[in-house]
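As structure tokens, the structure follows; a few thoughts come after it.
The values are calculated or read from the model by the stated rules, or taken from the named source; none is laboratory data. Owing to the predicted nature of the structure, the values given are computational and were not obtained by experimental measurement. FYI the Cβ positions are ideal-geometry reconstructions off the backbone, even for glycines, and counts take in every protein chain you see. Areas reflect the complete protein model, heavy atoms only, side chains present, ligands, DNA and RNA absent. Shrake-Rupley method; radii C 1.70, N 1.55, O 1.52, S 1.80 Å.
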Amino acid sequence: MEQTPQSSNHNAPAPFNRTIVSLLWVFTCVFFPVWMHFDIPAWDANVYRAAMISLNAGHDPYADAIAAQQLFHSQMALHRGVQGPFSYVYSPITLPMLRVAGSLPLWLSSCVYILFYVAGVLALIWFGLRIVEAGERRYFIYIAPVLVFFPGFLAIDNVLSGNIAYILYPLILLIAFAGWRSGKWLCFYLAVICASCFKAPLLTLLAIPILSAPEQCVPSITTASAGLVMFFMQRFLWPSLFHNFLQAVELQFSYNRDFGVSPVGLFSGVLFDLGLPYSPASYLFFLCYVLPLMALLFYLSRCFLRRDFDFRQWMPVMLVGVVLLNPRIMEYDVAPLTIPLALICWRFYKALVSTSQALVYSALTFLTLNLIATQSWKCWKLTEGLTLVIFFLAGSWNLIRKSRVSCDASGANRASLGKL
């Protein structure tokens with residue numbers, strides 16, 4: 001059953017000035033080389049490259065990276081103010097693919113990766129504009145090119161990182177979009193399984209079909225179980241590599257304080273700064289908010305499936321909620337939420353005030369959050385984490401309000417028919 005809105009005159013694209021939109025895209029494309037000149041790019045891509053070199057030399061890429069990190073941190077006095085080295089933190093099942101990429105000429109593998117990467121960035125914008133309603137398109141068509149510099153609604157340079165998340169998320173979301181249109185989700189499940197080989201927390205994206213399509217609970221749970229089995233089987237298939245992989249992941253926390261921007265990540269960061277153990281308290285904290293979050297998402301999804309609100313109204317809130325299920329939300333994980341977060345902000349104010357006032361309030365909210373976030377890296381993380389939670393709650397409130405209006409209207413119609 002197709003879940004996307006049906007075409008009608010009401011949903012016809014709103015007019016916009018193509019010249020201005022084209023100039024904004026030109027500005028975005030021209031600005032990137034200038035930006036890269038002042039900001040060293042491809043830091044995550046360079047980690048992948050170092051792992052390929054290590055593999056080609058017959059080494060364990062995890063062990064090589066761990067040794068470099070330990071050496072750096074043993075000489076911290078010599079490296080004050082310098083960012084330490086990073087490890088390759090994707091599971092051993094990805095190493096055969098990395099070995100194949102490393103067997104190609106560097107220029108060829110780099111060009112292929114860059115093409116996929118640029119296509120992924122553009123696909124995220126395309127997907128975001130697919131969940132914009134017709135009346136909103138006249139505004140969002142202008143800000144879409146610029147929002148690439150504000151992933152997760154906040155300014156940060158992670159689009160320059162070369163992180164594979166900019167390929168995995170667009171792939172999954174585009175296939176999900178095809179699933180919403182056709183009602184067929186097999187390719188989506190396969191895509192999530194493949195993506196989880198690189199980033200196991202992406203298995204939380206299996207909540208998407210459960211929350212947005214009928215009769216997908218069993219396939220989603222089955223796929224999640226298969227993904228977890230595939231992950232833990234690596235302990236027996238490659239015991240040494242898997243042990244070093246887990247150690248490399250642990251050093252992301254103990255050396256780099258890289259807990260992410262999820263509520264549990266922020267909580268773990270506070271414990272870490274206080275010199276307290278972040279486990280098992282972080283697991284308990286995660287359960288304390290993830291269970292109510294799941295309950296709220298499930299309630300709203302039932303409202304959507306009974307058509308209290310439509311696809312484009314549900315998708316932004318649902319996507320933010322699904323990402324919040326991830327216990328370790330990195331700055332790359334919020335990039336797909338840029339336009340959804342902007343939509344939630346706009347729609348929240350639009351439900352309360354006039355269109356012109358909503359535009360002003362949305363702009364002020366955007367500027368205020370970015371002024372706070374740019375004070376420091378810790379401020380960015382805290383601001384992003386709070387933005388995700390507050391915007392999700394604001395979007396949920398708006399949908400609950402719409403659901404009640406829809407139910408009241410349905411009840412009134414039934415009462416009128418009963419009198420007849």
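Here are the numbers:
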| item | result |
| --- | --- |
| Selected residue [on the phi > 0 side of the Ramachandran plot, open to solvent by less than 60 Å² (accessible area, probe 1.4 Å) and modelled with pLDDT of 80 or more] from Ala50, Ala42, Ala67 | Ala42 |
| Phe286 among the aromatic types (Phe, Trp, Tyr) and farther than 23 Å from Phe153 by Cα | yes |
| Residue among Phe309, Phe348 that is modelled with pLDDT of 95 or more and surrounded by fewer than 22 Cβ atoms within 10 Å (Cβ to Cβ) | Phe348 |
| Cβ-Cβ under 7 Å pairs, at least 6 apart or on other chains, region 329-357 side within 30 Å of Phe198 (Cβ to Cβ) and hydrophobic (A, V, I, L, M, F, W, C), far side surrounded by fewer than 22 Cβ atoms within 10 Å (Cβ to Cβ) and modelled with pLDDT of 95 or more | Ile344/Ala394 |
| Residue pairs meeting the criteria (Cβ under 7 Å; at least 6 apart or on separate chains; first part of a loop (DSSP other than H, G, I, E, B), in region 268-280; second among the polar types (S, T, N, Q) and modelled with pLDDT of 90 or more) | Tyr278/Ser268 |
| Filter result for the condition that a residue is buried (at least 22 other Cβ atoms within 10 Å of the Cβ), among the small types (Gly, Ala, Ser) and under 20 Å from Leu382 (Cα atoms), over Ala281, Ala342 | Ala342 |
| Out of Ala213, Ala195, sole residue that is among the aliphatic types (A, V, I, L, M) and closer than 19 Å to Ile329 by Cα | Ala195 |
| The lone exception for Leu115 - which of (1) modelled with pLDDT under 90; (2) open to solvent by 60 Å² or more (accessible area, probe 1.4 Å); (3) not acidic (Asp, Glu) it fails | (1) |
| Condition broken by Gly179, with the remaining ones in (1) surrounded by fewer than 20 Cβ atoms within 10 Å (Cβ to Cβ); (2) in contact (Cβ under 8 Å) with a residue 24 or more places away in the chain; (3) assigned to a helix (DSSP H, G or I) satisfied | (1) |
| Test for Asn326: is it in a loop (DSSP other than H, G, I, E, B) and at pLDDT 95 or above | yes |
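Conditions tested, residue by residue: (1) outside any loop (DSSP other than H, G, I, E, B); (2) at pLDDT below 95; (3) of a type outside the set (Val, Ile, Thr); (4) under 16 Å from the mean Cα position of the chain (by Cα).
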site: Val159; (1), (2), (3), (4): yes, yes, no, yes
site: Tyr166; (1), (2), (3), (4): yes, no, yes, yes
site: Leu203; (1), (2), (3), (4): yes, no, yes, yes
site: Ile210; (1), (2), (3), (4): yes, no, no, no
site: Pro214; (1), (2), (3), (4): no, yes, yes, no
site: Ala226; (1), (2), (3), (4): yes, no, yes, no
site: Gln234; (1), (2), (3), (4): yes, no, yes, no
